[in-house]
Amino acid sequence: MNGVFDNLFGIFSLACGAYLLYAYYQLKFKREINTMIMLPKDVSPKKCKDLNAYCKKMEMPTLLLAFVVIIYGGIDIYNTQTGGGAKIAFLTAMLVVFLGVIGYAMTIKKVNSQYFGIR
């Protein structure tokens, strides 16, 4: 049972990455905005000035962040299972995720400002 708790953060990261892949799917194929990830609570996706352009601009950043988070989750689980055998890869992946989340947040802020008038 202890192994599950050791891997909890890696499993959580894999789940977050999978949810980001789902958000990408919604943008790419359904042309829907995932309100849980991309919009503030009080903003309706129906107020978007140009839904197709919004989806197009957010597809690639969402897909990239999904892959980065999934890779981090895999490295975290591997690192936990090997007792720190991938420490440098783990720390590098952690830094990449941190920078990726900051970049994604800045991108969302810019795109939401452009298509929703959110400041």
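The values are calculated or read from the model by the stated rules, or taken from the named source; none is laboratory data. Predicted model only: the values in this text are computed from it and were never measured. No Cβ is skipped: glycine too gets one built from the backbone with ideal geometry, and neighbour counts run over all protein chains shown.
Remarks
- A single member of 108, 102 is part of a helix (DSSP H, G or I), at pLDDT 95 or above and exposed (fewer than 11 other Cβ atoms within 10 Å of the Cβ), and it is 102.
- Test: residue in the stretch 39-53 that is closer than 20 Å to residue 9 by Cβ, without any contact (Cβ under 8 Å) to a residue 60 or more places away in the chain and surrounded by 11 or more Cβ atoms within 10 Å (Cβ to Cβ): no
- Within the span defined as the stretch 52-62, one or more residues are closer than 20 Å to residue 94 by Cα and in a helix (DSSP H, G or I).
- Check on residue 60, under 15 Å from the mean Cα position of the chain (by Cα), among the aliphatic types (A, V, I, L, M) and loosely packed, with under 15 Cβ neighbours inside 10 Å: yes
- Neighbours by Cβ (under 9 Å, 6+ apart or cross-chain): first from the stretch 104-119, at positive phi; second part of a helix (DSSP H, G or I) and surrounded by fewer than 18 Cβ atoms within 10 Å (Cβ to Cβ): 117/47
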